[in-house]
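Single-structure report; data block below.
Computed from the coordinates by the stated procedures, all read-outs in this text should not be read as laboratory data. Here the structure is a predicted model, which means the values were calculated and not measured. Because the Cβ atoms are built from the backbone with ideal geometry, glycine has one as well, and the counts that use them run over all protein chains shown.
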Amino acid sequence: MRLGLKIDVDTLGGFREGVPALLEVLGRRGVPASFYVSLGPDNSGRAIFRVFRQEGFLEKMLRTRAPSVYGLRTMFYGTLLPAPLIGPAAPGILPGVVAAGHEVGLHGFDHVRWHDRLVKMGFGEVAREIDAAQESFRAALGRPAAGFAAPGWQSTAVSRAVLAARRFRYASDTRGEGPYWPRFGAEQSSLLELPTTLPTLDELLGLQGCRAADFFRLVLNRLNPKKPQVLTIHAELEGGPFLADFARFLDMAGDRGATFFRLGDWAEELLQAPGALPVCNVAMGRLPGRAGRVACQVTA
Ligand SMILES: [Zn+2]
């Protein structure tokens, strides 16, 4: 059983505190992972305005106890408090992540902006987000990122075209079943897609009384010897209040014989035989426990 851990870092708090906590837990077990970091302004507070626009958002915030998980400060960044930049913290943190044997990729520049505005953004606007993120990445690691994970699983023909033009090796922008070449209407992306295949903790937590331990038991039961899986975790959650549950999950997965891979390594494996992968449509769809719509792989 093979499992790819995709770790999204959305906020300055997650970057400064969640990432080192996760490095400790992963390092002690010799588990490699892929980190995707937002490097622009932490505008988390602006996400609060989704309450007025997005069906299911308030319900999700209350169910997952978001104010206590993220902290009041983070909840006001970009509104009552100025949005701090995450990038300046990167030179002090990212080299240590790489030295520990993990992969680092990009999770956009301004997470909230990408999440809320991507569908309306043209090529130039998306390119500015990605170029700003790459500049910050390069300043920290001396090279550009090869992997990209879209904030909030928001992906369009335009964003894929920018990523392809900027020569990323792969992206993990969607939810789905397995690796594929994505098609947006008539447009087929030339960029390999490695979708998240499992639900996330914030989606299921509190849903019908689901606790973190129940969530991780569900993930263990979904591990499949025939099909590698990709699990998205968050530095703010599994690297924060749910760190102990996550550590227990790693131990149980190890006991069951699961092995862990970095998404970038898997991408290089798959790119050896590009013709073996299917072409699939991408459609915006709803997932249980997630507010708003996300980009989904459509399988026949
Ligand atoms: Zn995110």
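Within the set of other residues whose C-beta is less than 10 Å from the C-beta of R117, count the net charge using Lys and Arg as +1 and Asp and Glu as -1.
Result for the local shell: -2.
Fewest first, what order do K6, K226, K60, K120 take by the number of other Cβ atoms within 10 Å?
K226, K120, K60, K6
If one computes the Cα centroid of region 87-148 and of region 150-187, what distance in Å separates the two points?
Between the Cα centre of region 87-148 and that of region 150-187, the gap is 16 Å.
Counting other C-beta atoms within 10 Å, which of I233, I86 has the fewest, and how do the rest follow?
I233, I86
From the residues A157, P274, G264, which one has its Cα farthest along the dipole of region 152-298 in the positive direction, the dipole being from +1 and -1 charges on Cβ of Lys/Arg and Asp/Glu about the Cα centre?
Positive-most Cα among the choices belongs to A157.
Where a ≥ b ≥ c are the square roots of the eigenvalues of the C-alpha gyration tensor, would you call region 2-298 rounded, which needs a/c under 1.5, or, failing that, prolate if a/b is larger than b/c, or oblate?
Taking the square roots of the gyration eigenvalues as a ≥ b ≥ c, region 2-298 is rounded.
Dipole of the chain, Cα-centred, from +1 at each Lys and Arg C-beta and -1 at each Asp and Glu C-beta, to the nearest 20 debye?
That gives a dipole near 360 debye.
Do the alpha carbons of any pairs in K6/K227; K6/K120; K60/K226 sit beyond 25 Å of each other, and which pairs?
K6/K120; K60/K226
List residues of region 1-44, by number, whose backbone nitrogen lies under 19 Å from a label position 7 Å along Cα→C-beta of E269.
Only 1-7, 30-35 pass the distance filter.
Starting from the Cα gyration tensor of region 126-229, multiply each eigenvalue by 5, take the square root, and state the resulting semi-axes largest first in whole Å.
29, 17, 13
Compute the label zone of R29 within region 203-221: residues whose backbone N is under 17 Å from the point 7 Å along Cα-to-Cβ.
Label zone hits: 212-221.
Using the count of nearby Cβ atoms within 10 Å as a rough guide to exposure, how do Y36, Y170 rank from fewest to most?
Y170, Y36
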